[in-house]
């Protein structure tokens, strides 16, 4: 079920524009509007789940699907040399939007020393 007032639910329904990169019946992926890396996108479940703290054992298949999709999309977006997954959980965990989401970050990072 979706939440009528949730920002990410509105994005997944197409009520708020986004730079979509993937969509199916369960998940939606789109570019972050304030990227923290050359590649930075989010993967969200279409069903409203407030945070990782709210998942149940029944959500395991969905979470696994989201992580497998993260790898696939990261490679498609040019992150062949690696990427990072971040799931902020709750206010103290840095979560800003109360809808479960996976940040996928990667791409060339010139400020990091290469060996």
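Is it the case that the range 43-52 has a residue that's within 23 Å of residue 3 (Cβ to Cβ), in contact with a helix residue (DSSP H, G or I) (Cβ under 6 Å, 6 or more places away or on another chain), modelled with pLDDT of 95 or more and not in a strand (DSSP E or B)? Within the range 43-52, one or more residues are within 23 Å of residue 3 (Cβ to Cβ), in contact with a helix residue (DSSP H, G or I) (Cβ under 6 Å, 6 or more places away or on another chain), modelled with pLDDT of 95 or more and not in a strand (DSSP E or B).
The condition of being farther than 16 Å from residue 98 by Cβ and either in a strand (DSSP E or B) or modelled with pLDDT of 95 or more (or both) holds for only one of 8, 30, that being 30. Residues of the range 72-88 that are crowded, with 17+ Cβ neighbours inside 10 Å and closer than 17 Å to residue 23 by Cα: 73, 74, 77.
The values are calculated or read from the model by the stated rules, or taken from the named source; none is laboratory data. All of these numbers come straight from a predicted model, not from anything done at the bench. Cβ sites come from the backbone with ideal geometry, for glycine too, and all protein chains shown count toward neighbours.
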